[in-house]
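The structure under discussion appears below in the form of structure tokens.
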There are 4 protein chains.
Amino acid sequence: MTAPEVGIGLIGSGFMGRCHANAFNSVAGLFDLPARPRCEMLADATDEIAAAGAKALGFARATSDWQSLVNDPKVDIVAITAPNVFHEAMALAAIAAGKTVYCEKPLSTTAASALKMTEAAEAAGVVTLVGFNFLRNPMIQLAREIIAEGELGEITGFRGRHAENYMCDPDAPHSFRTVPEGGGAVADIGSHIVSMARYLLGPIVATCAVSETIHKSRPVKAGSTEREPVVVDDMTHALLRFETGIVGSIEANWAATGRTMDLSFEVTGTKGAIAFSQERMNELLLTQGSGATAGFTRIEAGPNHPPYGRFCPAAGHHLGFNDLKVIEVAQLISAHMNGDRCGPDFREALEVQKTIEAMQDSSASQAWTSI
Amino acid sequence: MTAPEVGIGLIGSGFMGRCHANAFNSVAGLFDLPARPRCEMLADATDEIAAAGAKALGFARATSDWQSLVNDPKVDIVAITAPNVFHEAMALAAIAAGKTVYCEKPLSTTAASALKMTEAAEAAGVVTLVGFNFLRNPMIQLAREIIAEGELGEITGFRGRHAENYMCDPDAPHSFRTVPEGGGAVADIGSHIVSMARYLLGPIVATCAVSETIHKSRPVKAGSTEREPVVVDDMTHALLRFETGIVGSIEANWAATGRTMDLSFEVTGTKGAIAFSQERMNELLLTQGSGATAGFTRIEAGPNHPPYGRFCPAAGHHLGFNDLKVIEVAQLISAHMNGDRCGPDFREALEVQKTIEAMQDSSASQAWTSI
Amino acid sequence: MTAPEVGIGLIGSGFMGRCHANAFNSVAGLFDLPARPRCEMLADATDEIAAAGAKALGFARATSDWQSLVNDPKVDIVAITAPNVFHEAMALAAIAAGKTVYCEKPLSTTAASALKMTEAAEAAGVVTLVGFNFLRNPMIQLAREIIAEGELGEITGFRGRHAENYMCDPDAPHSFRTVPEGGGAVADIGSHIVSMARYLLGPIVATCAVSETIHKSRPVKAGSTEREPVVVDDMTHALLRFETGIVGSIEANWAATGRTMDLSFEVTGTKGAIAFSQERMNELLLTQGSGATAGFTRIEAGPNHPPYGRFCPAAGHHLGFNDLKVIEVAQLISAHMNGDRCGPDFREALEVQKTIEAMQDSSASQAWTSI
Amino acid sequence: MTAPEVGIGLIGSGFMGRCHANAFNSVAGLFDLPARPRCEMLADATDEIAAAGAKALGFARATSDWQSLVNDPKVDIVAITAPNVFHEAMALAAIAAGKTVYCEKPLSTTAASALKMTEAAEAAGVVTLVGFNFLRNPMIQLAREIIAEGELGEITGFRGRHAENYMCDPDAPHSFRTVPEGGGAVADIGSHIVSMARYLLGPIVATCAVSETIHKSRPVKAGSTEREPVVVDDMTHALLRFETGIVGSIEANWAATGRTMDLSFEVTGTKGAIAFSQERMNELLLTQGSGATAGFTRIEAGPNHPPYGRFCPAAGHHLGFNDLKVIEVAQLISAHMNGDRCGPDFREALEVQKTIEAMQDSSASQAWTSI
């Protein structure tokens, strides 16, 4: 018997598009899936770009008309890696066509838009998935299990951060991220640590945040001498209150000199604690107990931490960023075939977006804000 | 010519008293001082305790009457390591007697009391010093110089923490720290990270904090089955606004499972960043520049970082906690002889205390609070 | 114009076969290559295994007859991942057929066999490549450039290690690795640190080694109560003398409790030093200069370190083990098209094998041995 | 009842002399001792140096005649920190006078001389102690206990190093260390890692070493343009065979650019492993067991690790180099009062010296050498 195939329609062939394509090309050789992906069609801004992308990334057909892709009968899953402002229209069209929708984060530019997308998807009953791929790390899965199984005792605190340095340069130009619809650092990377906090510890119900625009103006485009003011944040610090009653704090910072991917957290409980940074994504630190030999243990990723073993049969060989996307795609295909939820769907991404907007509101009003 | 001597009167022979005595006994062999300390008199609660302490710690005389110590003509410097509730009375008496006053932190139980002490000392013109000894670390001195000399560019952010685990156990009993006058975790160890933040970046003008009492009751004393409610915090997260306009955040947590001394910070600037944790007190991390070989450099304490060379002529030999106290005492004796300020005096300790009280007020009112 | 294709014939569908297939499937989407690989044929022990492997790994045809694969006109590159004892026959047949040969390490079971393979390949003028994939790490490329450009001054010393824990268990059974032809730890993983040392610092001309068999017997197969003696080493320590005159040492150890992939080294020069461990494969430590801010800098992999940017446009996203194989395959295809040497070819693998055999001889004779 | 006193006679007031004095001044305040040290007399090269040293370091009397110190009836313990070439004469005189002898390492310039000293001390029955102070670290004590109690299972391997950078500069002048009697890097710092290896794992019975003189000549004195050849090593790598049958290796290197105190080791056993570096002297890494949460645990020094609690009642406060000397002196005074052996006595230091000489012989003969 031949395994069925699912047709993939990919919108966008930039960095994230290539990352998706790589995952679709690799996943069948690594995972036992109920169906194998068939790279059916790629859409991009022009016919030329789309054709080149399709050739490079192994897609059978190319188009500059994303709507034809969305409605193509041989496309079963629509993967959206286009700029954020297009997410709503593309996703709604794909939902209307009954397709499974795999959308990059953030889900949309506003919580209101994200809500519309979520309600449409739920009404249509389609499978959705949003690309919070850092959650797919086997070490994060281990962290979640350690917490869920009570290995840390009762959870008492959370401290998190997502700090990178890609906007440190005051002459880095405006982009879709620095306009109000982009939402600034708190939306762009703050969403990762918020999704992580929710994944580990559940809903956040209130926040008090303070945001700062470090570089007050930026060139209108790369190399330009014309500058325009920046109205979004470069850095936000926020206090959090979780539904469980736990309090904590996070920082989002895209002008954090020296930090390339400090998506990090420490979760403290009455019996233990865990710590993690994406800067060392194949390690989780765990401490439990007391006594002369207690301390933080550096757990290294290995076959004991599924689905690491899909990539390598021995510990110490390390996964990379692109492997996380492969794991995500494996779960997407299973969910598509089985009709299951498979992690951060549109509803979850909406909740993240509401949390981010509450932080923005809180910073503006200088007061605690409920979510 | 013989170097003059200064007579030391030490109140208290507990952990901190022994730490002071050790520093007074060692300092002359390590530093070139304008005078050498003479361990003149030790006071403690009873004659027996005082006599035993004096003998063990090398003091010439002992007394159970701290007032006679304070007024003894052969005592030039009064070192106060008694419980916090006695600081005000002892310091005021020493000031009245014209003595230099060296007081353990926190300066007193309230900012109002600390203000009274500060004003008395300033009116009398006596030298004062408060034992925020972590500031004496050569690595902290290096950090401060790096910032002051603009090596990090313009400072853009601060993230700090003081986390320990000594109150993790829900059956750890009440103590002077857990009563309202003790002030809880934010006062006990939060004061260290606040004094550090001020030392590096200047005054804090506003804060918004959230405090949590993790263990709601504790035994009235060790081993007792009788429990009383805890009204102070075990953990506080606080947003900060500095006078310079920088924003940031800190955490104070004495129930941080797995952490023994995570007095840590990261200071970010437009051109570089530094990171430090007291868990590795002989190291400072520094990053500057970009390019293929940029990254955080682990600077190890050595003779390049005064006064490290006083302890050892070669790098890599490491200072310990007690050495920080020796540095503090060396600066105390110089200040006593020269009449200078020498770091965190009563005025500075008062400002720390006001910042802590603002955090407590903010948590109670759930609103930003000015300092 | 359409890019040409190169037909890939893969022998073996175990761990390494899957790793190769994954690389062939991904490489065209990540690299700009002069040709794209076409997964043409897969051979394995039986028709069933081969057919299943071909399906899972995306190969067009399957066979249980590796000789037909080697001679197939549509196969341009023969990738050998079969057990070591078959390498010689397969490679010689592929060379005879004029194919490019891509062979997993070790090249063969003896240096004599490796020499025969090397001479055949050189006589035929075919491109060869041996899978020492750890050399493909962008951080290793950086290390090599730092050394070659004199950034460390004159090189004065080398200290290396490859330590893993996969044979710690005394009840881990015999395998092709534990028989004399397997060569033990020094051959299996010692070859990695030897190839690394040669890649960074050039030929090794003499060695003095001491080997130890920690577990004197092992079960004949998994779960068996019958045990047979072990004659190969579990651990070897070796002194080295390089052609340049530098001396140093290495350890190979496959019973290193707690170590999963400590393929590590420190290279010291008169002006600087570098340190690396595969346990943190996305980091290189570099120190240069002296003074108050000198120390080891943690360089994190990023687009400054080609070909990292092929995988991700931003630093901090990390490569994994499988990505190293993709880099290797990209270089293989370029070399195949251009007829170039592309790193560790058969000649280089022969030199590694001779060095390993000299270590084995040295341990047996308890004397320095020339290579 | 008053505790008795022991009179200390210190020879030398340089770095090590000050380190001794600091320890004698501090120890009574930190440890409960059967007697307290009384700093009785200090000897140095001239009356002026001796008098200044005595004043700074708190000694009652000074002399330029070390023989009068050794024979003074109020001196009970003779502490020798003079250059190595004087150790034999001073120790023999002190032994003849029946004094306890506390001598800095290395014990003497040759094993023959060390043997003479050892036999004299043993014949006289005096207490001796040699200053291998790194062994006094509570983390090393913990390491030794872990090994002795079988926590690592059967020991299978050892890998050690002592690397510093203080002779990196090719213009660092000749000193007592670089002449043949000094013994070079292998004697100066190799002795530390040899003493550590012996302390943890017992006697070493054979070695094969290779030494290298990196800088072939050095100025005859600081700033001189006249240079003389260097005949001692800058770096030695050595294979080891322990009496227990374990094999391993060490490196001694005083020209290790970037390393300030990498006195480090990894001890591997069938059930666990430990790793340590003096660069992080308050930490010991320990791994045991396997499974999803196994890994190296970072144990931080604290009151669980005697005699840490003598210095501080809480973990995380860290000991420094000078504290190790205080521990050593506490054990010296107890041994003096009780007549016990107290760690590395002359006999043990002799064994270290014989091991070092075997390494030197082995490097010269290029052959394995028995000890």
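The values are calculated or read from the model by the stated rules, or taken from the named source; none is laboratory data. Note that this is a predicted model, so its numbers are computed, not measured. In this analysis, Cβ positions are derived from the backbone assuming ideal geometry, glycine residues included, and neighbour counts consider all displayed protein chains. These accessible areas exclude ligands, DNA and RNA; they are computed on the full protein's heavy atoms, side chains included. Shrake-Rupley method; radii C 1.70, N 1.55, O 1.52, S 1.80 Å.
Only aspartates and glutamates eight or more places from B:Lys74 in sequence, or on another chain, were considered; those with a Cα closer than 15 Å are B:Glu5, B:Glu40. Overall dimensions of segment D:246-371, expressed as equivalent-ellipsoid semi-axes from the Cα gyration tensor (√(5λ), whole Å, largest first), are 29, 25, 16. A:Tyr199 contributes an accessible area of around 50 Å² to the protein surface, as traced by a 1.4 Å probe with all chains present. Partners of D:Lys221 within straight-line reach, counting aspartates and glutamates whose Cα lies under 15 Å from its Cα and excluding those fewer than 8 residues away in the same chain: D:Asp169, D:Asp171.
Taking amide H positions as modeled 1.01 Å from N, with prolines and chain starts lacking one, the residues under 5 Å from C:Leu42 and 5 or more places away or on another chain are C:Leu10, C:Arg61, C:Ala62, C:Thr63.
So what does the Cα-only Debye profile of segment A:241-291 read at q = 0.15 Å⁻¹, as log10 I(q)/I(0), no solvent term? The calculated log intensity ratios at q = 0.15 Å⁻¹ are -0.56. For C:Arg36, the solvent-accessible surface with a 1.4 Å probe is about 60 Å², rounded to the nearest 10.
In terms of distances greater than 22 angstrom between alpha carbons, the cross-link table entries B:Lys116/B:Lys325; C:Lys105/C:Lys325; A:Lys116/A:Lys354; D:Lys105/D:Lys325 yield B:Lys116/B:Lys325. Listed by chain and number, the lysines whose C-alpha is less than 17 Å from the C-alpha of D:Lys216, apart from same-chain residues fewer than 8 away, are C:Lys271. Inter-chain neighbour count for A:244-257: the average number of beta-carbon atoms from partner chains within 10 Å of each residue's beta-carbon is 5. For peptide A:282-291, the mean count of partner chain Cβ atoms within 10 Å of a residue's Cβ comes to 5. From the alpha carbon centroid of segment B:253-271 to that of segment A:106-134 is 37 Å. Computed from backbone phi with θ = phi - 60° and the Karplus coefficients 6.51, -1.76 and 1.60, the 3J(HN,Hα) list for segment B:171-188 is 9, 5, x, 4, 8, 4, 7, 9, 8, x, 5, x, x, x, 4, 5, 7, 5 Hz; x is used for glycine and proline.
Computed with the Debye formula from one identical point scatterer per Cα of the protein assembly as shown, without solvent, the log10 of I(q)/I(0) at q = 0.04, 0.07, 0.09 Å⁻¹ comes to -0.27, -0.85, -1.33. Closest approach of a chain D Cβ to the axis relating D and B (residue, whole Å): D:Gly320, 2. The mean number of partner chain beta-carbon atoms within 10 angstrom of a residue's beta-carbon across peptide C:305-316 is 4. Annotation: amide H of C:Cys103 within the under-5 Å range of C:Ile80, C:Leu129, C:Val130, C:Gly131, sequence separation 5 or more or interchain, hydrogens built in the peptide plane.
Based on C-alpha pairs under 8 angstrom that are at least 6 apart in sequence, chain A has a relative contact order of 20 percent.
Hydrophobic long helices, here whole DSSP H runs in chain D with Kyte-Doolittle means of at least 1.6 and Cα atoms spread over 27 Å or more along the helix axis, are not found.
For A:Gly153, the amide hydrogen comes within under 5 Å of the amide hydrogens of A:Lys271, counting only partners 5 or more places away or on other chains and with H modelled in the peptide plane.
Between the alpha-carbon centres of segment C:8-74 and segment A:288-326 there is a gap of 30 Å. Compactness ratio for chain C: Cα radius of gyration over 2.2 N^0.38 Å (N = residue count) comes to 1.00.
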